[in-house]
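A.B. asks: Below is a structure I'd like to ask you about.
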Amino acid sequence: PTAYVVQQTAPAEEAEVDFGYLGILPSPTGERKRTWGFVMTLSYSRDAFYTIVTDQTVATLIKIHQEAFTFFGGVPKRVKVDNLKAAILKNRRYDLQFNGDFLTFAYHCGFVIVPCTPYEPQQKGKVESGVGYLKGNFLPGRTFADYGDLRRQLDSWRDTVANVRVHGTTRQVPHVVFVSEEKQHLLPIPLDPFVHVPALTRLVKTNCHVDVERSYYSVPSRLVGQTVEVRLVGELVRIIAGSEEVAIHKKSHLPGTFVTNASHYPGYKVHSQTAYQKKYEDKMRSI
């Protein structure tokens, strides 16, 4: 028979996250839409954060992680995720690729992304049971006037039922364990809020530049004809090819400006103005 190892963690060491489909429920826009429950469970105390979403995009994933960290008052050292595209683009044994936006968010907050092995749901069994508990204990028999009513009932259930019950596995009250043993070990929430700016994709033209908001920024010549990712971070323009940052420039606010790093051109194309002039003065003298 298949056998598994009990996964035990230290306080604040790890959280598990997962989504579970809940059905057609009220949405923030006032319409009834397909909705998913999102659960983040702290592996040590089993204290959990619950919310409702209408999509599983990376922008939503980042937003609800921020809400969860605010709810707990800190950040766990690791977050174990399933292989949804908003977090993990590829996970094939030794070939792992993270979603760049979610990875940047993880760097900002200081936590490590831990992807589960595909088709191995038992690797995040704590949150799997939390999703099942949400579906089986919160939803049955309830009606919701609108999205605000849904959120109010969910928050009330979380605080008066889910996190204060005696947990079936630990035989302790999750919130009591969280407050007394785990909360103080969480990483602090960064003072600067994370602002999610979706990446832009641009084709590198034959002049070794990409067009971003009507200005032009240089890229190493080896990337001519390839598509790169552009991220606008404050006053910086960061250009990424694959998983490598290949260029970084100060943002120009003058349309039509070329912002160029001369080293991005092929060596045989680079001449300083004085070297160029000298070359032709010598040529004229020889003639």
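A.B. asks: Can you tell me how much longer the chain between Ile240 and Lys90 gets when fully stretched, taken as 0.36 nm per residue apart minus their C-alpha distance, in nm with one decimal?
C.D. replies: 52.2 nm
A.B. asks: Once Rh is set to the Kirkwood radius over Cα pairs, what Stokes-Einstein translational diffusion coefficient, in µm²/s, holds for segment 78-180 at a temperature of 37 °C and a viscosity of 0.692 mPa s?
C.D. replies: On the way: Rh = 16.3 Å.
Estimated diffusion coefficient is 201 µm²/s.
A.B. asks: From the list (1) 22.8; (2) 20.5; (3) 22.4, can you say which value of Kirkwood radius over Cα pairs in Å was derived from the structure given?
C.D. replies: (3)
A.B. asks: Starting from the Cα of Tyr280, step 7 Å along the direction of its Cβ; do the same at Asp155; then give the gap between the two resulting points in nm.
C.D. replies: Label at Tyr280, label at Asp155, 7.1 nm between them.
A.B. asks: Grab the Cα-Cα distance for Ile189 and Lys205, subtract it from 0.36 nm times how many residues apart they are, and report the gain in nm with one decimal.
C.D. replies: The Ile189-Lys205 span can extend by a further 1.7 nm.
A.B. asks: Whole number please: convex hull volume per residue, Cα atoms of segment 112-270, in Å³.
C.D. replies: 223
A.B. asks: Could you do me a favour and compute the accessible area per residue for segment 65-200, 1.4 Å probe, result in Å²?
C.D. replies: With all protein chains present, segment 65-200 gives 55 Å² per residue.
A.B. asks: Follow-up. Set the Förster distance to 51 Å, then compute FRET efficiency between Thr143 and Asn261 from the Cβ-Cβ distance, nearest 0.05.
C.D. replies: 0.25
A.B. asks: Please state the charge dipole magnitude for the chain, taken about the Cα centre, from unit charges on C-beta atoms (+1 on K and R, -1 on D and E), reported in debye and rounded to the nearest 20.
C.D. replies: Details: 35 positive and 28 negative charges, 164 e Å.
Using only the charged Cβ atoms, the result is roughly 780 debye.
A.B. asks: Still on this structure, I have one more. Tell me, what HN-Hα J-couplings in whole Hz come from the Karplus equation 6.51 cos²θ - 1.76 cosθ + 1.60 at θ = phi - 60° for each residue of segment 78-83, using x for Gly and Pro?
C.D. replies: 9, 10, 8, 10, 7, 8
A.B. asks: Using a 1.4 Å probe over the heavy atoms of the protein chains, calculate the carbon and sulfur portion of the accessible area of the chain as a whole percent.
C.D. replies: It is 55 percent, rounded to a whole number.
A.B. asks: From the helices alone, meaning DSSP H stretches of at least four residues, give me the mean residue ellipticity at 222 nm for the chain, per-run term -39500 (n - 2.57), in deg cm²/dmol to the nearest 500.
C.D. replies: Result for the chain, helices only: -6500 deg cm²/dmol.
A.B. asks: Please get the size of the charge dipole for segment 143-265, origin at its Cα centre, with Cβ charges of +1 on Lys and Arg and -1 on Asp and Glu, quoted in debye to the nearest 20.
C.D. replies: So the magnitude is around 220 debye.
The values are calculated or read from the model by the stated rules, or taken from the named source; none is laboratory data. Computed from a prediction, not measured in an experiment: that's the story for all the values here. Virtual Cβ from ideal backbone geometry, glycine too; neighbours counted across all protein chains shown. In case anyone asks, the SASA skips ligands and DNA or RNA and just uses the protein heavy atoms, side chains included. Shrake-Rupley method; radii C 1.70, N 1.55, O 1.52, S 1.80 Å.
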